[in-house]
Every structure is written in C-alpha cells, then in structure tokens.
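Notes to accompany the following structure.
The values are calculated or read from the model by the stated rules, or taken from the named source; none is laboratory data. Remember, predicted model here, so these are calculated numbers, not experimental data. Here Cβ is always computed from backbone atoms with ideal geometry, including for glycine, and neighbour counts include all displayed protein chains.
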C-alpha cells in the first residue's frame, strides 16, 4: 500500500526525529502492551456479493469496521443497510481505479471535469500506475471531495477515510490531498504512523521511510486525529487450497488459522486488519477470480474459533468511531 515514492516528499517536509516508544493505542487510553484491532472490511458497495459478505462479517462475525466504494453500483444497497444499522463503523474506501475487466465504474466528478481520471471506456483507470501517469492532484482531490459529498447527500457520515488499492499513497501530491481532506473535515485517515512493524516488513520499507511515516503520524495526531500503530494487510496474498471440491469448512479453517498466526505476530498497539469479505454468487466469477480468498475472509470472521482466540489472548477490538472519540478526549 504505502510506496517508497513518498519518501522524498516526507524527507523534505518533516524533519527526522526519534519516534516515541509509547504506542498510539496507549495514548488513546488503551492498556499498555495490548493488541488493539480494527477488523476492517474493504469494498462494500462494489457488488451485491461484497455487500452480503460485509454484512455477514459485521453482524454474524467479529468484524468491527467497513468502508464503502462510493462510485460503485451497489452503494445504495449498502447505505440502506447502514440506515437500519446506524451504529455500524463505516468509512469511505476512496476509489480512483476500476480494476475489473467487464465490471467497471467511473469518477463521480465525471469525465468532463476529470479527464485524467478516466480511460477510453469512460471508467476510472484499471491500475494505480495509470492514475499516477494521467491524473493531476487537483483531479484526485476533487474526486475525494465528490465521494465524501455523495456519502453525506445519502445521509451517511463516514467514520474514516482509506484508499482503494493504495492509490492515495502512490505519490506525495496524492497523499497530501488525502491528508488535507481528512484534517479539514476532522475525519480520521488510515495512516500507519506508530511502530509500523508488520506493514514495513511486508513492503521491505527502508528505515528512512518508516521514520518519515512516523512524522506524518505525528502531524495527524497533532491535528486531532487518531493514528494507527501498524497495518495488517496480508490476507489477499494467501495461497488458498485449489480445486473445484474445496469445501467452505476447508476455506474457513485455512483462513482462520492464517489470521490467528499473523495476528499472533503483531506487536502491541492499534492495528487495522484489512480484509475483503465477500459472499460470492454465481455471478461474482464474471467480476473477479478472487472469490475464494474473499469468501475465506468472510468465513474466518464468522468462525467461533477466531472469536475464541481473540478473547483468550485478551485482544481488544475497536472501531474508528471509538478511537476518534478517544482522541477527542486526549489532551496532548
């Protein structure tokens, strides 16, 4: 997600300092040396299947948070769910790409206003690299604001902002606009700014980049927003059992064991665990070939064995809404 391309920008803007050892979880009033997790479902609104998976994970499982892709066709269906479940912790999965071949969506700002965001089909570009090549930071910011405006028009005030496919971390200018909109609107933004242990290993991030991300975290904290200590963003890369006869029980056991193993490897602090819970219908295969791993995410969240593990280990589950409330109460 976080790319080394932001390093130069961060080195110019933020002076290097030594990162305080106290975690952001501790600063927010959580107990010392405890793992605090936001179990977060991406991609709500993308399709009927994504909505069903997210709702199952939230209402029948241990997932605590979700974010919505506002340019996508099934957004109304999920927002209707939010209106009947008003305590749901729901943010915006800010969307600047439309990555599937046959199932696509365009920018809310429209092609005329954002030509750099649209490809030859009038849809958002299929890859992050395409967005970086063609779009301006002004177009990106306008689209972020349009997605926030649509949510508010629908009566949905987001608890946080995050980035589909990590596009908003792809250039210094994009990330600046992402942070700017969050600070201006007093909406938390997904940003690893604490010890950053798991995500830095996953990305093989240099020490200088880690140091500077911590400075961005301090900026957000000083602006009154909560900050993550780390990100867990590994489930999409797991190699699931293959074959046409793989049962749901096998998928669930595989996914749950991997979540337990990787959560066990986390350091204490506030970590957002990213997943893509989906209940694939017969049509989902025409959208994406990722149905098996997405279903695995959903089944793991619904697995009593995962809930039992979290309780046994004393792991605290939280939401973006709660950490923002805690941040407002902290006088530092």
Note to self: With under 21 Å from the mean Cα position of the chain (by Cα) and either at pLDDT below 95 or buried (at least 19 other Cβ atoms within 10 Å of the Cβ) (or both) as the only criterion, which of 87, 4 stands out?
What the structure shows: 4
Next item on the list: Note down all Cβ pairs under 6 Å where the first residue falls in region 161-174 and is surrounded by fewer than 20 Cβ atoms within 10 Å (Cβ to Cβ), the second is part of a helix (DSSP H, G or I), and they're at least six residues apart or on different chains.
Entry: 165/128; 172/6; 172/9; 173/137
Next item on the list: With respect to residue 263, determine if the residue is under 20 Å from the mean Cα position of the chain (by Cα) and at pLDDT 95 or above.
Entry: yes
Notebook entry, point to check: Is it the case that residue 151 is touching a strand residue (DSSP E or B) at 6+ places or on another chain (Cβ under 7 Å), assigned to a loop (DSSP other than H, G, I, E, B), at pLDDT 95 or above and crowded, with 19+ Cβ neighbours inside 10 Å?
Noted result: no
Check: Does residue 240 satisfy the criteria of being surrounded by fewer than 21 Cβ atoms within 10 Å (Cβ to Cβ), under 23 Å from residue 263 (Cβ atoms), touching a strand residue (DSSP E or B) at 6+ places or on another chain (Cβ under 9 Å) and free of Cβ contacts under 8 Å to residues at least 60 places away in the same chain?
Finding: no
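Please find, among 315, 274, the residue that is touching a strand residue (DSSP E or B) at 6+ places or on another chain (Cβ under 6 Å) and more than 26 Å from residue 165 (Cβ to Cβ).
Step by step, each of 315, 274 is checked, and only 315 is touching a strand residue (DSSP E or B) at 6+ places or on another chain (Cβ under 6 Å) and more than 26 Å from residue 165 (Cβ to Cβ).
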Next item on the list: Determine, yes or no, whether residue 220 is closer than 19 Å to residue 26 by Cα and surrounded by 17 or more Cβ atoms within 10 Å (Cβ to Cβ).
Entry: yes
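Yes/no per residue for (1) in contact with a helix residue (DSSP H, G or I) (Cβ under 8 Å, 6 or more places away or on another chain); (2) in a helix (DSSP H, G or I); (3) at pLDDT below 90; (4) more than 22 Å from residue 94 (Cβ to Cβ):
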| residue | (1), (2), (3), (4) |
| --- | --- |
| 181 | yes, yes, no, no |
| 184 | no, yes, no, no |
| 214 | no, yes, no, yes |
| 218 | no, yes, no, yes |
| 221 | yes, yes, no, no |
| 224 | yes, no, no, no |
| 231 | yes, no, no, no |
| 239 | no, no, no, yes |
Next item on the list: State which residue is farthest from the chain's Cα centre (by Cα) when the search covers only region 186-204 and only residues that are surrounded by fewer than 19 Cβ atoms within 10 Å (Cβ to Cβ) and in a loop (DSSP other than H, G, I, E, B).
Entry: 204
